[in-house]
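S.K.: I have a structure I would like to understand better, so I am pasting it below and will then ask my questions one at a time.
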Amino acid sequence: MTTPSAPVLIPTLNAEESQFLDRVRAFVAEHVAPYTREWENDTFAADIWTKLGAAGMLDVTVPKAMGGSERSCMAYVEMCRELAKGDPALSMNVAAINALCIAHLVHFATDAQREKYLADAMAGRLKLAWGLTEPDAGSDARRVQTKAEPTPGNDGYFTINGHKKFITNGGPADLIILIARTSEKELSAFLVETDQPGFELVGRIPTVGVKASWTSEFKLNNAQGWHTPCTFEQAISLLYRGRLGIAAMAVGIAEKAAELAAEYSVKREQFNRRLADMQSVQNMLADNELDVEAARLLLHKGAAMYDRGENVTTIASMAKLFASEASNRVTNNAIQIHGGRGMTFEFLVEKLWRDAKLTEIGEGCSEIQRMVIAKQRLRALES
Ligand SMILES: Cc1cc2nc3c(=O)[nH]c(=O)nc-3n(C[C@H](O)[C@H](O)[C@H](O)COP(=O)(O)OP(=O)(O)OC[C@H]3O[C@@H](n4cnc5c(N)ncnc54)[C@H](O)[C@@H]3O)c2cc1C
């Protein structure tokens with residue numbers, strides 16, 4: 001099935017996963033939300049990765065047989081949603097690390113590769129990044145020019161030359177899952193350790209939103225990459241669950257902004273009445289609630305379909321597209337309700353507004369999501 005016609009399933013996490021979510025909320029309250037402003041000036045606390053690992057937030061996509069907690073997609077998206085309410089940049093990182101990096105090790109790495117990296121990755125001792133985008137290959141991912149050629153005398157290793165741009169966590173990362181070209185038509189994925197002479201960090205790219213997440217640019221000059229035997233399509237297929245993670249990030253941002261806007265509207269008075277008593281403001285509050293509810297429903301439907309083993313190509317794009325545009329509308333309304341104060345650094349809504357923008361761009365911009373949805377619909381019509 002390619003169209004999202006399955007009935008909506010309201011999430012029912014089992015008792016153990018509900019307790020996990022309680023722990024995530026407690027973690028966010030203690031280790032994330034209080035630091036969101038501070039991290040923006042530089043990056044996350046150095047020990048955040050091992051803390052996330054100890055709290056079981058880096059092994060959710062790993063089967064129990066490999067030492068992970070093998071959680072449902074519903075638990076994964078709920079974790080990303082809760083993290084986003086505390087710090088959207090951290091949510092984006094955790095979403096990508098679980099769905100793109102660690103899931104890559106699970107699905108495509110050899111036993112020897114998993115033996116070397118997986119335990120440290122799940123514990124947060126090994127910092128990870130996922131590198132697809134290049135200066136000339138963004139939405140058109142197949143344009144990747146970074147080249148990988150087998151290294152003579154070193155079985156399984158390839159010599160990699162190229163240039164990557166906009167890679168989250170690429171500065172602090174110890175290991176990068178890197179997409180490179182193996183022939184004119186073929187692309188595949190490689191494990192590249194960053195502490196080798198062939199890895200040249202060009203630098204950090206300053207961004208307006210998700211600033212703490214260390215967006216990077218780097219070059220590969222005869223770098224050695226350990227080949228994970230997979231096709232480009234296989235590696236990229238991880239983006240479907242990944243997009244649900246970004247949708248969850250967008251929903252978390254929207255929920256937080258809607259909550260802050262409603263709270264502010266009952267405190268501020270103008271014309272001898274509360275903002276909340278003005279119908280124009282109520283309209284914005286209503287639109288916010290509607291956007292949050294609709295985005296969350298699409299997100300949960302996507303997660304439920306994933307957990308039932310159904311095709312999520314369309315629903316993942318729908319959830320990401322709607323949730324990201326909704327979070328941009330809601331954060332914009334939240335600033336409007338705060339008036340001039342909304343544009344100052346005194347209130348969090350300006351940060352949420354800046355962070356929300358990434359959700360319309362990362363892991364496929366909105367135009368690409370529309371393209372995917374239309375393509376799947378037309379394919380179903382023509383088949
Ligand atoms: C903060 C941040 C973190 C990121 N992290 C990572 C990461 O960890 N790893 C990684 O590999 N990449 C990462 N990226 C890159 C991100 O995935 C790309 O920016 C995104 O895929 C868009 O590519 P582009 O920027 O080259 O834009 P382009 O592909 O140049 O597109 C520019 C615009 O053109 C339009 N457009 C493009 N193609 C089409 C089309 N077919 N139809 C209609 N309109 C179209 C869209 O409006 C699009 O926004 C990150 C980006 C940012 C900003």
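The values are calculated or read from the model by the stated rules, or taken from the named source; none is laboratory data. Keep in mind that this is a model prediction, so the values were computed, not measured. All Cβ positions, even for glycine, are placed from backbone atoms using ideal geometry, and neighbour counts span all protein chains on display.
S.K.: Residues to consider are Ala95, Ala89, Ala65; find the one that is surrounded by fewer than 24 Cβ atoms within 10 Å (Cβ to Cβ), part of a helix (DSSP H, G or I), outside the structural domain of Gly209 (by TED's automatic domain parsing) and aliphatic (A, V, I, L, M). Even if it seems obvious, please write down each step before you answer.
M.R.: Values: Ala95 fails: surrounded by fewer than 24 Cβ atoms within 10 Å (Cβ to Cβ); Ala89 fails: surrounded by fewer than 24 Cβ atoms within 10 Å (Cβ to Cβ).
Ala65 is the lone residue from the list that is surrounded by fewer than 24 Cβ atoms within 10 Å (Cβ to Cβ), part of a helix (DSSP H, G or I), outside the structural domain of Gly209 (by TED's automatic domain parsing) and aliphatic (A, V, I, L, M).
S.K.: Could I ask something else about it? Provide a single number: the residues in the range 153-189 that are under 16 Å from Leu239 (Cα atoms) and either in contact with a Leu (Cβ under 6 Å, 6 or more places away or on another chain) or more than 16 Å from the ligand (Cβ to nearest atom) (or both).
M.R.: 1
S.K.: Test Val32 against the criterion of being out of contact with any Gly (no Cβ under 6 Å at 6 or more places or on another chain), away from the ligand (no atom under 16 Å from the Cβ), within 28 Å of Ala15 (Cβ to Cβ) and part of a helix (DSSP H, G or I), and give yes or no. Break it down into steps so the answer makes sense when it comes.
M.R.: Values: out of contact with any Gly (no Cβ under 6 Å at 6 or more places or on another chain): no; away from the ligand (no atom under 16 Å from the Cβ): yes; within 28 Å of Ala15 (Cβ to Cβ): yes; part of a helix (DSSP H, G or I): yes.
So Val32 does not fit the description; no.
S.K.: Among residues belonging to the range 369-383 that are small (Gly, Ala, Ser) and away from the ligand (no atom under 15 Å from the Cβ), point out the one that is modelled with the highest pLDDT.
M.R.: Just the residues of the range 369-383 that are small (Gly, Ala, Ser), to begin with: 374, 380, 383.
If we keep only those that are away from the ligand (no atom under 15 Å from the Cβ) too, we end up with 380, 383.
Numbers: Ala380: 87, Ser383: 82.
So, considering only residues that are small (Gly, Ala, Ser) and away from the ligand (no atom under 15 Å from the Cβ), the one modelled with the highest pLDDT is Ala380.
S.K.: Does Thr215 satisfy the criteria of being farther than 21 Å from Ala141 by Cα and within 14 Å of the ligand (Cβ to nearest atom)?
M.R.: no
S.K.: Working only within the range 195-206, note down all residues that are within 14 Å of the ligand (Cβ to nearest atom) and touching a residue at least 12 places away in the same chain (Cβ under 8 Å).
M.R.: So in the range 195-206, the residues within 14 Å of the ligand (Cβ to nearest atom) come out as 204-206.
Within the range 195-206, Arg204, Ile205 meet the criteria.
S.K.: Among (1) assigned by TED's automatic domain parsing to the domain that holds Leu83; (2) in a strand (DSSP E or B), there is one condition Ser188 misses while meeting the rest; what is its number?
M.R.: (1)
S.K.: Another question, if that's okay. I'd like the residue in the range 229-259 that is over 20 Å from the mean Cα position of the chain (by Cα) and surrounded by fewer than 22 Cβ atoms within 10 Å (Cβ to Cβ) and, out of all such residues, is nearest to Val24 (Cα to Cα).
M.R.: Pass one, the range 229-259, residues over 20 Å from the mean Cα position of the chain (by Cα): 229-231, 258-259.
Narrowing the set further to residues that are surrounded by fewer than 22 Cβ atoms within 10 Å (Cβ to Cβ) leaves 229-231, 259.
Values: Pro229: 34, Cys230: 33, Thr231: 35, Glu259: 19 Å.
Step by step, filter the range 229-259, then rank; the result is Glu259.
S.K.: Could you list, in sequence order, all residues of the range 134-149 that are assigned to a strand (DSSP E or B) and either touching a residue at least 40 places away in the same chain (Cβ under 8 Å) or within 13 Å of the ligand (Cβ to nearest atom) (or both)? It would help to see each step written out before you state the result.
M.R.: Residues of the range 134-149 that are assigned to a strand (DSSP E or B), as a first pass: 134, 137, 147-149.
Within the range 134-149, Glu134, Ala137, Ala148 qualify.
S.K.: Let me ask another. Find the residue count for the range 308-321, including only residues that are surrounded by fewer than 24 Cβ atoms within 10 Å (Cβ to Cβ) and either free of Cβ contacts under 8 Å to residues at least 60 places away in the same chain or closer than 11 Å to Thr359 by Cβ (or both).
M.R.: So the count comes out to 1.
S.K.: Okay, next question. Do you know which residues across the range 90-120 are within 17 Å of Ser327 (Cα to Cα) and in contact with a strand residue (DSSP E or B) (Cβ under 9 Å, 6 or more places away or on another chain)?
M.R.: Passing the criteria: only Met92.
S.K.: What are the pairs, 6+ residues apart or on separate chains, where a residue within the range 28-54 that is more than 20 Å from Leu175 (Cα to Cα) has its Cβ under 6 Å from a residue that is outside any helix (DSSP H, G or I)?
M.R.: Within 6 Å, the pairs are Val32/Asp87; Thr36/Asp87.
S.K.: Okay, moving on. Report, by residue number, each residue of the range 113-133 that is more than 8 Å from the ligand (Cβ to nearest atom), outside any loop (DSSP other than H, G, I, E, B) and in contact (Cβ under 8 Å) with a residue 24 or more places away in the chain. Lay out the reasoning, then the answer.
M.R.: Taking the range 113-133 as the starting set, the residues that turn out to be more than 8 Å from the ligand (Cβ to nearest atom) are 113-128.
Adding the requirement that they be outside any loop (DSSP other than H, G, I, E, B) leaves 113-123, 128.
If the condition is that a residue be more than 8 Å from the ligand (Cβ to nearest atom), outside any loop (DSSP other than H, G, I, E, B) and in contact (Cβ under 8 Å) with a residue 24 or more places away in the chain, then Gln113, Arg114, Tyr117, Leu118, Ala119, Ala121, Met122, Ala123, Leu128 are the ones that fit.
S.K.: Right, something else. Quick check, is Tyr157 surrounded by fewer than 18 Cβ atoms within 10 Å (Cβ to Cβ), over 17 Å from the mean Cα position of the chain (by Cα) and hydroxyl-bearing (Ser, Thr, Tyr)?
M.R.: Numbers: surrounded by fewer than 18 Cβ atoms within 10 Å (Cβ to Cβ): yes; over 17 Å from the mean Cα position of the chain (by Cα): yes; hydroxyl-bearing (Ser, Thr, Tyr): yes.
Here the answer is yes, as Tyr157 does meet what is asked.
S.K.: Would you point out the residue of the range 335-368, among those that are within 15 Å of the chain's Cα centre (by Cα) and assigned to a helix (DSSP H, G or I), that is farthest from the ligand (Cβ to nearest atom)?
M.R.: Just the residues of the range 335-368 that are within 15 Å of the chain's Cα centre (by Cα), to begin with: 355-366.
This time we only want the ones that are assigned to a helix (DSSP H, G or I), so: 355-359, 366.
Details: Asp355: 10, Ala356: 12, Lys357: 8, Leu358: 5, Thr359: 10, Ser366: 7 Å.
In this case the residue turns out to be Ala356.
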